[in-house]
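The values are calculated or read from the model by the stated rules, or taken from the named source; none is laboratory data. On a predicted model such as this, the values are computed, not experimentally measured, just so you know. Virtual Cβ from ideal backbone geometry, glycine too; neighbours counted across all protein chains shown. Note: accessible area is taken over every heavy atom of the protein model, side chains too, but ligands, DNA and RNA are not part of it. Shrake-Rupley method; radii C 1.70, N 1.55, O 1.52, S 1.80 Å.
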Amino acid sequence: MLIHGFPQDWYEWRRIMPRLAERFTVIAVDLRGVGGSTPTPDGYDAATMAKDIHQLVDGPVHVVGHDIGGWVAYAYARDFPTLTATIVETPIPGVEPWLHLDIDVPLWHGEFHMIPGLPEALVADRQATYFRYFFDVGTVDNTVISDDDVLHYADAYGGPERLRSAFEVYRAIPANM
């Protein structure tokens, strides 16, 4: 079970999925409200989204979560039997050193995303520009994520409800803690 980060959807796993499929049944999901998943009024906390994912499997599963998907992977491993949970590139809300990290990537966006209505107003119709910033600051090689990839992700977060869904994940941080 592969769970994407922000600002991505299932597509972030497309290159690794064929290799994993040589040994496993592979499922790469879109988190609630992103890409092919339906936006909802609420339910963006990690435990609720872990329940969404649990509905897709029968029995123990290997779970891999990147970025905000790591929050969901952590909740999944905590709440449901799992073979392994791998959490990539994210601090877990409430688990030290949650706010005391020595990293090179600025984390200003978490608090910005938590402000009701403001990020939606500023990012709407500018997703590609905003997301390109994230990929450029978060990768050593800026060619790893192409402009076409960025446009795919911008479309996955297109429209006001999908964009709101993305920011609601951050607004659920207090519940996750």
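The share of accessible area on the chain that comes from carbon and sulfur is 57 percent, using a 1.4 angstrom probe. Would you work out which of H152, A175, A85 lies farthest towards the positive end of the dipole of the chain, given +1 charges on the beta-carbon of Lys and Arg and -1 on that of Asp and Glu, about the Cα centre? Final value for the positive-end residue is A85. In the chain, the DSSP-assigned H stretches of four residues or longer account for a calculated mean residue ellipticity at 222 nm of -11500 deg cm²/dmol, using -39500 (n - 2.57) per stretch and the full residue count as denominator. Test of understanding: extend the Cα→C-beta vector of D148 to 7 Å, then name every residue of the stretch 1-19 with backbone N under 20 Å from that spot. Under 20 Å, as judged by backbone N against the label point of D148, lie 8-19 of the stretch 1-19. Each Lys and Arg Cβ is given +1 and each Asp and Glu Cβ -1; about its Cα centre, the stretch 1-101 then shows a dipole of about 300 debye. Whole-Hz Karplus values for the stretch 162-173 come out as 5, 5, 4, 4, 4, 6, 5, 4, 6, 5, 8, 3 Hz, taken residue by residue from phi with 6.51 cos²θ - 1.76 cosθ + 1.60 and θ = phi - 60°; glycine and proline positions read x. Rounded to the nearest 0.05, the FRET efficiency derived from the C-beta distance between D79 and L20 at R0 = 35 Å is 0.90. Shown here is the pair-distance distribution of the stretch 14-106: with all Cα-Cα distances grouped in 10 Å bins from zero up to the longest one, the shares run 15, 45, 32, 9 percent. Measuring only protein heavy atoms, the 1.4 Å probe finds T129 accessible over about 110 Å². For the chain, the dipole from Cβ point charges (+1 on Lys and Arg, -1 on Asp and Glu) about the Cα centre works out to 360 debye, to the nearest 20. For the chain, the per residue solvent-accessible surface stands at 54 Å², with DNA, RNA and ligands left out and a 1.4 Å probe.
The stretch 68-91 and the stretch 151-165 have Cα centres lying 24 Å from one another.
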